[in-house]
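Down below is the structure, laid out as structure tokens.
The values are calculated or read from the model by the stated rules, or taken from the named source; none is laboratory data. None of the values given here were measured: they were computed from a predicted structure. Cβ atoms come from the backbone with ideal geometry, glycine included; neighbour counts cover every protein chain shown.
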Ligand SMILES: NC(=O)c1ccc[n+]([C@@H]2O[C@H](COP(=O)([O-])OP(=O)(O)OC[C@H]3O[C@@H](n4cnc5c(N)ncnc54)[C@H](O)[C@@H]3O)[C@@H](O)[C@H]2O)c1
């Protein structure tokens with residue numbers, strides 16, 4: 001696999017990472033601090049954890065830690081968004097309520113955080129950029145936000161390419177599709193490029209393994225670590241394009257620094273570009289435990305398919321490669337090996 005290097009960043013640029021105490025956000029913060037950037041995090045700790053930030057600070061060391069600013073609060077609070085955006089060069093917007101099942105249980109909360117929150121941040125960025133010449137003039141170079149592969153809904157095409165969308169199958173997917181529509185509506189009235197990254201099943205260290213809404217990889221690793229049997233929803237042939245979090249960090253940094261205003265409200269897939277069934281995934285995780293000298297429970301228990309889940313998902317990653325030079329740096333097997341080790345440490 002050709003290994004794409006992270007772009008060299010100009011020192012001391014200022015980044016806003018919303019949702020920076022979450023799984024993906026904390027990896028963005030870690031990379032940016034390690035590469036000499038200044039980072040402001042906004043998080044209300046709805047699903048994120050202070051422990052994630054503490055883990056990042058321990059990893060990056062004291063010198064880098066001084067370039068981090070934490071703002072505890074909600075992206076639906078406009079005055080907080082205005083404060084958070086001051087002097088910022090790049091926005092990486094991650095804050096949202098994830099999970100398809102949660103969105104059926106709490107559709108209003110999902111809409112409020114994911115759509116109203118997104119719009120509040122985008123409108124604040126727009127207003128700030130309109131105050132050009134004033135003391136509070138915006139320096140914003142790009143606004144990158146987390147969308148999701150769920151927007152493809154029931155479209156049968158595989159691999160999934162950006163222009164072929166189906167009907168959305170969950171309130172969560174509807175919220176991410178709404179963000180893309182607002183981004184498109186705003187692109188002609190803001191001076192900075194807006195880029196939506198459609199993440200496909202991201203995984204890696206620090207992903208939350210607990211609770212009803214946990215993603216499959218951390219949930220299974222934790223289940224096997226406890227010596228229990230994993231549950232598979234459906235027959236195990238459901239497949240996903242699992243993407244290691246380092247690839248997502250690369251995609252964000254590339255999109256933020258290479259996006260061009262002429263590309264109107266671009267949306268691109270971010271994925272590993274390979275398909276893995278749940279049965280294969282379980283086998284890979286189990287093998288990693290075995291290679292570490294452990295004896296995990298290999299039997300799985302099948303339960304009914306979950307509402308709103310798509311059957312197969314695989315990304316076409318040509319567009320992000322062409323526009324920003326992205327290629328995945330870490331494949332599923334390496335990513336899982338790194339993730340299992342980090343959970344067991
Ligand atoms: N993990 C994946 O596989 C995946 C796939 C597709 C899209 N995404 C998207 O990527 C982004 C990050 O996901 P993640 O997996 O890191 O989830 P996460 O839950 O770990 O992180 C989300 C963060 O946003 C914060 N947050 C939520 N609502 C907020 C609000 N109103 N104000 C301020 N902060 C708020 C949470 O406290 C949390 O720290 C989300 O937008 C998610 O929808 C993730």
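Identify the residue in segment 265-294 that is buried (at least 17 other Cβ atoms within 10 Å of the Cβ) and assigned to a strand (DSSP E or B) and, among all such residues, is modelled with the lowest pLDDT. Restricting to residues being buried (at least 17 other Cβ atoms within 10 Å of the Cβ) and assigned to a strand (DSSP E or B), the top hit is 266.
Would you pick out the residues in segment 47-72 that are within 14 Å of the ligand (Cβ to nearest atom) and either more than 25 Å from residue 112 (Cα to Cα) or in contact with a strand residue (DSSP E or B) (Cβ under 8 Å, 6 or more places away or on another chain) (or both)? Before you say what the answer is, go through the steps one by one.
So in segment 47-72, the residues within 14 Å of the ligand (Cβ to nearest atom) come out as 47-56, 70-72.
The answer is 51, 53, 54, 55, 56, 70, 71, 72.
Count of segment 316-332 residues, restricted to those that are surrounded by fewer than 16 Cβ atoms within 10 Å (Cβ to Cβ) and either out of contact with any helix residue (DSSP H, G or I) (no Cβ under 8 Å at 6 or more places or on another chain) or within 22 Å of residue 278 (Cα to Cα) (or both), is 2.
Determine, yes or no, whether residue 337 is surrounded by 14 or more Cβ atoms within 10 Å (Cβ to Cβ) and within 19 Å of residue 204 (Cα to Cα). Steps first, please.
Numbers: surrounded by 14 or more Cβ atoms within 10 Å (Cβ to Cβ): yes; within 19 Å of residue 204 (Cα to Cα): yes.
Yes: the conditions hold for residue 337.
For segment 208-227, a residue qualifies if it is exposed (fewer than 13 other Cβ atoms within 10 Å of the Cβ) and touching a residue at least 12 places away in the same chain (Cβ under 8 Å), and the qualifying residues are 210, 212, 227. Residues of segment 31-46 that are without any contact (Cβ under 8 Å) to a residue 40 or more places away in the chain and within 13 Å of the ligand (Cβ to nearest atom): 41, 45.
Here residue 259 passes the criteria (1) on the phi > 0 side of the Ramachandran plot; (2) surrounded by 19 or more Cβ atoms within 10 Å (Cβ to Cβ) except the one numbered (1).
Does residue 17 satisfy the condition of being assigned to a strand (DSSP E or B) and more than 12 Å from the ligand (Cβ to nearest atom)?
Answer is no for this residue.
Kindly indicate which of 171, 205, 209, 191 is modelled with pLDDT of 95 or more, more than 30 Å from residue 287 (Cβ to Cβ) and out of contact with any strand residue (DSSP E or B) (no Cβ under 9 Å at 6 or more places or on another chain). Selected residue: 171, the only one of 171, 205, 209, 191 that is modelled with pLDDT of 95 or more, more than 30 Å from residue 287 (Cβ to Cβ) and out of contact with any strand residue (DSSP E or B) (no Cβ under 9 Å at 6 or more places or on another chain). For segment 138-168, the set of residues classified as crowded, with 19+ Cβ neighbours inside 10 Å, touching a residue at least 60 places away in the same chain (Cβ under 8 Å) and away from the ligand (no atom under 16 Å from the Cβ) consists of 142 only. Taking the condition buried (at least 24 other Cβ atoms within 10 Å of the Cβ), within 16 Å of the ligand (Cβ to nearest atom), within 28 Å of residue 162 (Cα to Cα) and modelled with pLDDT of 95 or more, does residue 92 pass? So residue 92 passes the test. Among the residues in segment 99-107, are any touching a strand residue (DSSP E or B) at 6+ places or on another chain (Cβ under 9 Å) and at pLDDT 95 or above? No; the residues of segment 99-107 include none that is touching a strand residue (DSSP E or B) at 6+ places or on another chain (Cβ under 9 Å) and at pLDDT 95 or above.
The one condition from (1) crowded, with 19+ Cβ neighbours inside 10 Å; (2) touching a strand residue (DSSP E or B) at 6+ places or on another chain (Cβ under 6 Å); (3) modelled with pLDDT of 95 or more that residue 313 does not meet is (3).
Those residues that are in contact with a helix residue (DSSP H, G or I) (Cβ under 8 Å, 6 or more places away or on another chain) and over 24 Å from residue 49 (Cβ atoms), I need them from segment 75-84; list them, please. Once the filter is applied, which keeps residues that are in contact with a helix residue (DSSP H, G or I) (Cβ under 8 Å, 6 or more places away or on another chain) and over 24 Å from residue 49 (Cβ atoms), segment 75-84 yields 78, 82.
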